[in-house]
1. Out of residues 5 or more away from LYS106 or on other chains, whose amide H comes under 5 Å of its own, with H placed 1.01 Å from N in the peptide plane?
2. For ARG131 and ASP42 in one chain, what is 0.36 nm times their gap in residues minus the Cα-Cα distance, to one decimal in nm?
Amino acid sequence: MGKLSLVGFTLTISVIGTGAAAHVNWFVERDAEPLVNVSLTDPIFLVWICLASMMVLFSVWIDGKLPTLRVAESKLRHDFMEILRVFTGMSFLLTAYEGSLVAPHKVADGTFGLALVVMQAAIGIMLIANRWIKTAAVMMLVLHAGCRNEIRSVSRT
């Protein structure tokens, strides 16, 4: 992926990103007031988008100026990457077994939720088996988008 396409991808994701929800809301008090939603036209949002865009552009510019260091292939690095892959797959499988999506507080409801749980289990199996890793990565993006849709539909009722 080229540097400009990476910048474009980052900016696109930041602009079309969905509303924030507490990632670990089991740590939040039950009677806590919800945060105020910020719209795309609010000045504070626009300032932060500009600041984030400038940081990304500066990172791309400085990356071209700095020397490229070769990452040494070592047994420790290889083992660490394998452990991360297997543990991520196990986490996906265990969370799917519980009937949750990605985290314990995201409970799956209905047929769509069940389909997402099955997809999550399939991703876990792919990661543990070390097969179709790129397909599993794309499926993780689809799972994330589906989780956002599922969470919204659950919170409306």
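Only the coordinates and a few stated rules stand behind these numbers; no lab work does. In this text, all values refer to a predicted model and were calculated from it rather than measured experimentally.
1. LEU101
2. Details: separation 89, 0.36 × 89 = 32.04 nm, distance 4.46 nm.
Once the chain is fully extended between ARG131 and ASP42, it gains 27.6 nm.
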